[in-house]
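For reference, the structure discussed in these notes is given below.
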Amino acid sequence: MPRKIIITGGIFLFLLLFLLIINGFFRENRLLLEERNNWREKAVLLAERLDRLETVEGLSPFGDTGRRELSLQRMEAVSLAFLPENRVNYTFSVLVKNHSTRRFKPAVGFLFLLTLAPGGEVSGADWRIVELPALAAGEAKEILVNGELSVEDGEELTAYFDLPGYAAEPVKAQVPLKEGSGLALFVPGP
């Protein structure tokens with residue numbers, strides 16, 4: 001008889017512990033769901049406040065998102081000079097215009113240079129940070145960017161200019177270069 005009571009008591013304790021553990025899981029799950037709902041409500045509230053702030057003129061980081069604030073008007077090679085040891089000295093002219101009704105503080109853009117092998121594969125890459133001057137509303141400024149790049153025989157040089165974070169959509173221009181014509185630069189072979 002005592003053995004039967006011990007077994008019955010053990011089973012009862014096991015079931016009781018099992019139910020307590022299950023109850024703890026359900027309680028913790030309920031608390032996590034409540035916390036998730038609270039954070040979701042806070043996120044919706046903050047998104048609504050941000051939308052209201054962005055409707056106020058001049059507070060949007062990208063300005064009027066329906067059109068570009070800064071745009072790349074022109075990019076061209078001013079000079080290309082071949083140097084010894086397969087190096088090219090370049091100078092690019094970049095014209096940037098402010099289309100907004102507000103003044104832009106000095107910022108940065110990026111010049112990306114890719115060297116393409118005769119098969120069209122990218123064989124090398126280089127980049128430069130370009131300091132953009134302050135631009136008044138409607139003002140356009142020309143920026144000169146110069147530097148040196150190592151290229152191999154028969155490669156083509158392609159340049160991209162990017163103004164990240166200053167336009168509603170990416171602002172890029174591609175200028176393939178050629179010695180003398182400003183269209184494509186082919187490094188002469190031996």
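The values are calculated or read from the model by the stated rules, or taken from the named source; none is laboratory data. Remember, it's a predicted structure, so these values are computed and weren't measured experimentally. With ideal geometry, Cβ positions are generated from the backbone for all residues, glycine too; neighbour counts draw on all protein chains shown.
Of the residues GLU41, GLU54, GLU48, GLU35, only one is over 26 Å from ALA107 (Cα atoms), modelled with pLDDT under 90 and surrounded by 10 or more Cβ atoms within 10 Å (Cβ to Cβ); which?
Numbers: GLU41 fails: modelled with pLDDT under 90; GLU54 fails: over 26 Å from ALA107 (Cα atoms); GLU35 fails: modelled with pLDDT under 90.
None of the other options fit; the residue is GLU48.
Is region 118-133 home to any residue that is modelled with pLDDT of 85 or more, crowded, with 16+ Cβ neighbours inside 10 Å and in contact with a Pro (Cβ under 7 Å, 6 or more places away or on another chain)?
Within region 118-133, one or more residues are modelled with pLDDT of 85 or more, crowded, with 16+ Cβ neighbours inside 10 Å and in contact with a Pro (Cβ under 7 Å, 6 or more places away or on another chain).
For residues in region 88-117 being over 16 Å from GLU76 (Cα atoms), among the hydrophobic types (A, V, I, L, M, F, W, C) and assigned to a strand (DSSP E or B), which is modelled with the lowest pLDDT?
For region 88-117, the residue satisfying everything is LEU116.
Can you pull out the residues in region 135-169 that are modelled with pLDDT under 85, assigned to a loop (DSSP other than H, G, I, E, B) and aliphatic (A, V, I, L, M)?
VAL151, LEU163, ALA167, ALA168, listed by residue number.
Please indicate, with yes or no, whether at least one residue in region 124-131 is aliphatic (A, V, I, L, M) and without any contact (Cβ under 8 Å) to a residue 24 or more places away in the chain. First the steps, then the outcome.
If we filter region 124-131 for residues that are aliphatic (A, V, I, L, M), which is where we start, we get 125, 129-130.
Pick out the ones that are also without any contact (Cβ under 8 Å) to a residue 24 or more places away in the chain and you get 125, 129.
The answer is yes; a qualifying residue exists.
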